[in-house]
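Written below as structure tokens is the structure these notes are about.
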Ligand code: HEC
């Protein structure tokens, strides 16, 4: 009985600490730096308003796309484009006729890492809320 109680408390503690990490997730300040960085050049192609540049304006992105899809897209646009899931097909329609394009135009020197993707998403969330 005592043993069962102990393991229950332990499970609760572990679950709690993991969800605390998940809530902490990305760092918006770091995401902003990455967005403006020479390494990824997001800023060269995207406005933080609703207006398009080379790619779509990113205001409202968190309500337009799921976080899971965004994570996948930012981690590897080319692969996500090629896999062409329903959500990718939705995104491809951002400009008339673009859904027929064969390749993504989102070209980066390298793809952001897992933590970098989380930071960028935290920044995009903050941008949507401001
Ligand atoms: C060379 C230009 C370019 C760069 C650099 C670039 N993007 Fe993109 N991005 C695009 C284009 C163009 C699209 C539209 C889809 C396509 O054509 O591939 C897009 C699509 C997106 C989308 C989906 C938009 C929607 O409405 O669903 C997001 C989010 C995004 N980019 C974020 C970023 C972030 C964050 C970075 C930096 C880490 C970045 N992009 C770097 C050009 C770029």
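Just so it is clear, none of the values below were taken in a lab; they were calculated from the coordinates. This is a predicted model, so every value here is computed, not measured.
Relative to the current alpha-carbon distance between residue 101 and residue 86, full extension at 0.36 nm per residue lengthens the span by 3.8 nm. Measure out, as a whole number of angstrom, how far apart the alpha-carbon centroids of the stretch 32-84 and the stretch 94-120 sit. Between the Cα centre of the stretch 32-84 and that of the stretch 94-120, the gap is 6 Å. Only Cα pairs under 8 Å and 6+ residues apart enter the sum, and on that basis the relative contact order of the stretch 26-129 stands at 46 percent.
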